Amino acid sequence: MNPNLTADAADLDISDLSLWNDGPPHEIFRELRAQDLHFSRLGDFPNENGFWSVVTFDDIAAVGRD
C-alpha cells in the first residue's frame, strides 16, 4: 500500500514525482475518484497556485465537451 494514502486526501500532491516512480499512482487516483475533484498545490513551484484534477469518467467527458 502506498504510504501517501494514509495522509488526508486533501493534502495529496499528485505532482510529487516520487508517487510516479513505479508508474501511475492508481491507488491514489482510486481515492481521488471518491472525491470527484481534487486540488493539488504545487509545493515545488511557489509562483503557481496549483491545479484541479478531474478524475471521474463523467467529469472528464463533461470537461471535454465544455
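The values are calculated or read from the model by the stated rules, or taken from the named source; none is laboratory data. Predicted model, so just to flag it, every value in this text is computed and none were measured. Please note: Cβ atoms are built from the backbone with ideal geometry, for glycine as well, and neighbour counts cover all protein chains shown. Please note that ligands, DNA and RNA were not included when accessible areas were found on the heavy atoms of the full protein model with its side chains. Shrake-Rupley method; radii C 1.70, N 1.55, O 1.52, S 1.80 Å.
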When both residues are 6+ apart or on different chains and their Cβ atoms are under 9 Å apart, which pairs have a first residue that lies in segment 20-44 and is at positive phi, and a second that is at pLDDT 80 or above and open to solvent by less than 40 Å² (accessible area, probe 1.4 Å)? Asp36/Val55; Asp36/Thr56
Could you please give the count of residues in segment 40-52 that are in contact with a Gly (Cβ under 6 Å, 6 or more places away or on another chain) and either open to solvent by 60 Å² or more (accessible area, probe 1.4 Å) or not aliphatic (A, V, I, L, M) (or both)? 2
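Residue-wise test of (1) modelled with pLDDT of 85 or more; (2) exposed (fewer than 12 other Cβ atoms within 10 Å of the Cβ); (3) part of a loop (DSSP other than H, G, I, E, B); (4) out of contact with any Leu (no Cβ under 7 Å at 6 or more places or on another chain).
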{"residue": "Ser15", "(1), (2), (3), (4)": "no, no, yes, no"}
{"residue": "Ser18", "(1), (2), (3), (4)": "yes, yes, no, yes"}
{"residue": "Phe29", "(1), (2), (3), (4)": "no, no, no, yes"}
{"residue": "Leu32", "(1), (2), (3), (4)": "no, no, no, yes"}
